1. Condition test on residue 84, is it part of a helix (DSSP H, G or I), modelled with pLDDT of 90 or more and more than 19 Å from residue 167 (Cα to Cα)?
2. Would a scan of segment 144-154 turn up a residue that is farther than 21 Å from residue 17 by Cβ and in a loop (DSSP other than H, G, I, E, B)?
3. So the check is Cβ under 6 Å with 6+ separation or different chains; which pairs have a first residue in segment 117-137 that's assigned to a helix (DSSP H, G or I) and a second one that's surrounded by fewer than 17 Cβ atoms within 10 Å (Cβ to Cβ)?
4. Out of 146, 99, which single residue is crowded, with 16+ Cβ neighbours inside 10 Å and in contact (Cβ under 8 Å) with a residue 24 or more places away in the chain?
5. Taking segment 194-241 as the region of interest, how many residues are outside any helix (DSSP H, G or I) and at pLDDT 65 or above?
6. Among the residues in segment 50-58, are any part of a helix (DSSP H, G or I) and either loosely packed, with under 13 Cβ neighbours inside 10 Å or at pLDDT 90 or above (or both)?
7. Please name all residue pairs, on different chains or six or more residues apart, with Cβ atoms under 6 Å, provided the first residue is in segment 170-192 and is farther than 15 Å from residue 219 by Cα and the second residue is exposed (fewer than 12 other Cβ atoms within 10 Å of the Cβ) and at pLDDT below 95.
8. Could you check how many residues of segment 97-111 are more than 15 Å from the chain's Cα centre (by Cα) and assigned to a helix (DSSP H, G or I)?
């Protein structure tokens, strides 16, 4: 008796779709990411080791407090940006036009669920990588679509991770390849451009600004990849299996 193989993610379709959607809507995506990552550009130098508060306890506590505040602001802004971009990508894939206003509106509605997922995701992957690299990479792959699940289907914090794992399970290798290609592309371009700026123009400040700008484009690309993979994995399910995106 012949067995029917479960469909898996088609990399020949998914990878070009990621870069096509990213490029097609780059002004909107980069604008959202730039506004939301601007606080990190301003607050980042203030919490670097090269910006000492002094040797007194109050100065050290103040620096720690500033670092915590910067982390919280960056978390909220990143959650807003990722939520906005995920909704915008799905709208683009439905053939709808994308504007900055509609993307930002969707991002505002998605900030809280996205922030909760990002906190647990970061802690889980970091702990997995600390204990052993393999568990960290597995969690990173299984949880790659957790943010889209959380902001589109809104099943709750814990169920968002379980739902993402169910989506990715049959295409684990393919999703990992997507992550590797996107991540390596961002890193290689970033290292090359930042190094070139520092060598030819000099100055750590210029390199930091260019690094931030590349972070803007990289953040947008990662969010687009998460949304496209989520969209394509849902397409592999039975029609009634996934929830519809809320209006």
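The values are calculated or read from the model by the stated rules, or taken from the named source; none is laboratory data. Quick caveat: nothing in here was measured; it's all calculated off a predicted structure. Don't worry about glycine lacking a Cβ; one is built from the backbone with ideal geometry, like all the others, and counts go over all protein chains shown.
1. Yes, satisfied.
2. yes
3. 128/135; 136/129
4. 146
5. Qualifying residue count for the region: 2.
6. The answer is yes; a qualifying residue exists.
7. 170/6
8. The qualifying residues number 9.
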